[in-house]
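The values are calculated or read from the model by the stated rules, or taken from the named source; none is laboratory data. Owing to the predicted nature of the structure, the values given are computational and were not obtained by experimental measurement. Ideal geometry is used to build each Cβ from the backbone, glycine not excepted, and the neighbour counts take in all protein chains shown. With ligands, DNA and RNA removed, areas are computed over all heavy atoms of the protein, side chains included. Shrake-Rupley method; radii C 1.70, N 1.55, O 1.52, S 1.80 Å.
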Amino acid sequence: GPGAARLQELLLREAQAMAQLAHPNVVTVHDVGTFRGAIFVAMEWIEGSNLHAWQAEAARRPREILHLYLAAGAGLSAAHGKGIVHRDFKPANVLLGSDGRVRVSDFGLARVLHLGEGPAEDLGEPPRLRIAALRRQRLAMAAQHVAHAFIERFERRQNLMPDVPHGR
């Protein structure tokens, strides 16, 4: 029906926005399109595991863990800079390649914000629900940035990273 077509259009738009994002800590989207009425997303192949499995397989040092999560945070920050909010960030959605680099993946629940224009189309939600959703998204983005700053301060206090002047 018309709802399914609008959902497909929204998913395609979100995947196309992801394809515009180039960051070493975000899975690369090579191509997006439709084939026989279904959306496809061709993404970078990552040989390795995810942070959930990596943390479960052995005891890890806090410095090791923080280093990988900070890299994932940099990927999220790059996505936020393009108006993309992940909405399902968790260790299982952060891939750890055999090269040691982390990449945020699975943006399937992502919301693309048209910065300065309000939220993306919300498939018929009443306006007050869209406004509430936008407020929650902005709050989540702010919370992630605060968490990133907190982790950096923790690392500095624990001498896990050099003291770098703000604004690098």
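Heavy-atom accessible surface of ARG60, to the nearest 10 Å², is about 60 Å², with a 1.4 Å probe and all protein chains retained.
In this label model, ARG101 and ALA59 are separated by 3.2 nm, measuring between points 7 Å along each Cα→Cβ vector.
Rounded, prolate or oblate: pick one for region 41-92, where a ≥ b ≥ c are the square roots of the eigenvalues of its C-alpha gyration tensor, a/c under 1.5 means rounded, and failing that, prolate if a/b is larger than b/c, else oblate.
Details: a/c = 2.36, a/b = 1.46, b/c = 1.62.
Judged from the Cα gyration tensor, region 41-92 comes out oblate (a/c at least 1.5, b/c at or above a/b).
Considering only protein heavy atoms and a probe of 1.4 Å, how much of the accessible area of region 48-110 is carbon and sulfur, as a whole percent? Don't skip to the end; give the middle numbers.
Working: 1580 of 2980 Å².
About 53 percent, which is the carbon plus sulfur part of the accessible surface.
The H on the amide N of MET43, modeled in the peptide plane, is under 5 Å from the matching H of HIS30, each at least 5 residues off or on a different chain. Distance between the pseudo-spin-label points of ALA38 and ALA5 (7 Å out from Cα toward the beta carbon): 2.1 nm.
So what is the accessible area of region 36-90 per residue, in Å², with the probe set to 1.4 Å?
Values: 3250 Å² over 55 residues.
Computed with neighbouring chains in place, this is 59 Å² per residue.
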